[in-house]
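Values quoted throughout were computed directly from the atomic coordinates according to the rules given, and no laboratory measurement underlies them. Not measured: the values here are computed from a predicted model. No Cβ is skipped: glycine too gets one built from the backbone with ideal geometry, and neighbour counts run over all protein chains shown.
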């Protein structure tokens, strides 16, 4: 990887970005690893991580209530792991999806809202490289992150509707994201639906519901801007529905990393974990496995 095409002058243009591609791990290990990256920042550097979950898991936002419906889902699907994230946002089932995280010095990408916009813009550009007509939601949903009317933690699952700035196709949510400040670092992570069914979280059984004719079809990149209001359709769409297939993991990682590189600037290279980060992750994993942390907002 070379220098980002969209590099600006300033701190963000000088960041050295490391790309980590991880094996699938349980929820507690994944959240501990994201937290550890933010807790062990490198001067003048940022990290982008791509990963999966094994076993499949329900993740809850940091302050989200554990509602009766979420507990019912866990009873109905005992194979699901459960974990509470260090970030805000709302519930997601991680099963057949790609998760990304971005960690950077707190002000290197601007304020939190600016960082959210730039990171999501990079994801949108990466999806366009895959042939997806991806757009950023215009704010008609539950509100944005990073300073733009954060969603109410009790407002229901993440994929119930797009928040401002999140990634949509034909008005249907394809990727959701959440942020946190951890020390002097920004952590943003989120979920890109590949073939994942969020229908059980949305009270739609095993399916995502019917969509308008033409929704979920592939397309070439359109102009950047707000998506028109959705009609009667499901709240979310998967990459498999949009493209008629799921691209290879390697292809998706390359496309998304390339899109982020263009928006965030700096120098980019594949990297590896440091001993300090792995040690921190091992220690933090106990927190994310703890029932006291996971169930602390039970209703």
Which ordering of 64, 79, 277 is given by a fewest-first count of other beta-carbon atoms within 10 Å? 79, 277, 64
Expressed as a whole number of Å, what is the distance separating the alpha-carbon centroids of segment 67-94 and segment 243-258? 26 Å
Sort 102, 168 so that the residue with the fewest other Cβ atoms within 10 Å of its own Cβ comes first and the one with the most comes last. 168, 102
To make sure I understand, if each residue's beta carbon is the centre and we count other beta carbons within 10 Å, what order do 167, 182, 119 fall in, fewest to most? 182, 167, 119
